[in-house]
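Here is the structure we will look at, set down as structure tokens.
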Amino acid sequence: MSLVSLLQRQVEHRAELLCHNRNLNLPVELGKASYEPLDNGVNFIKQHYLLDSTHATT
């Protein structure tokens, strides 16, 4: 394993931790953070979900 691939793995691992910690502390209505690996780093993505409250049970 080359030094470049080890550094890439570290970046991906830290991105995973960052997204996980952010998602734990914020409600889903504000969007969820995720990432996708690139050849030279990562790309962060903010995912939005539409919540339909008409199907909620009370």
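The values are calculated or read from the model by the stated rules, or taken from the named source; none is laboratory data. It should be emphasised that the depicted structure is a prediction, and the values quoted were computed from it without experimental measurement. Cβ placement follows ideal geometry from the backbone for every residue including glycine, while neighbour counts extend to all protein chains displayed. Calculation scope for accessible area: heavy atoms of the full protein, side chains included, ligands and nucleic acids excluded. Shrake-Rupley method; radii C 1.70, N 1.55, O 1.52, S 1.80 Å.
Quick notes
- Members of the range 15-47 found to be surrounded by 12 or more Cβ atoms within 10 Å (Cβ to Cβ), free of Cβ contacts under 8 Å to residues at least 12 places away in the same chain and of a type in the set (D, E, K, R), listed by number: Arg22
- Hits in the range 1-14 - residues which are in a helix (DSSP H, G or I), open to solvent by 60 Å² or more (accessible area, probe 1.4 Å) and not polar (S, T, N, Q): Leu3, Val4, Leu6, Leu7, Arg9, Val11, His13, Arg14
- Members of the range 25-36 that are modelled with pLDDT under 95 and over 11 Å from Gln47 (Cα atoms): Asn25, Leu26, Pro27
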